[in-house]
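Here's the structure, in structure tokens; my notes come after.
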């Protein structure tokens, strides 16, 4: 991969169950294992494995990319750039999309090597991509119940769109974290969950429709369930569980 570095984050006690899966991923993608003994967090996602994907190449040596990822160039700022600088950003994202496609494909090709039930307290745990951004971490769950081959194929482009939105736009408050989600009908990753600080104690109360880049709010937990129809099996795979009581 040209632009990405991967760290495999998982509980130390799960390493034996994950060994074949991790070995396959490291052979395909490289990367470093970073097991932990115990940890806490602000999000409700319960993961068996997180793949921390860090953009390591290109940004620091191209000032325009550095400014872009720090949120210093919004959509209007991008339009004001010269053609050469806009092409630098566009070309960088094309390479990144290819890297992400390799990562997603390798994970799904290796899933059969998992020697574990992926369950916690009777519910399925998540396999997660975590992508740090200047706005906050972006999470993508790779084993949603409704995941289809077409959704897997469309995921890299969805991640690019989400990262570009976070670089070019801001929220009125500091978001804790973000999660990319899909529309079942179109098989596209078009939703960016961005709960407010208060929402993290209750339900996902804010999201972005990436098709029009509009920030929208939800009035209740039931409104979220009605809008996104999450599978009960996915209760541990959201920033804030849709079934929190």
Neighbour-count order for 47, 241, 220, fewest beta carbons within 10 angstrom listed first: 220, 241, 47
Förster-model FRET efficiency, 25 Å R0, residue 108 and residue 56, C-beta, rounded to 0.05: 0.60
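After finding the eigenvalues of the alpha carbon gyration tensor for the chain, what semi-axes result from the square roots of 5 times each, listed largest first in whole Å?
Semi-axis lengths for the chain are 28, 24, 16 Å.
No value in this document is a laboratory result; all are computed from the given coordinates. Since the model is a prediction, treat every value here as computed from it, not as a measurement. Positions of Cβ are generated from backbone atoms using ideal geometry, with glycine treated the same way; all protein chains shown enter the neighbour counts.
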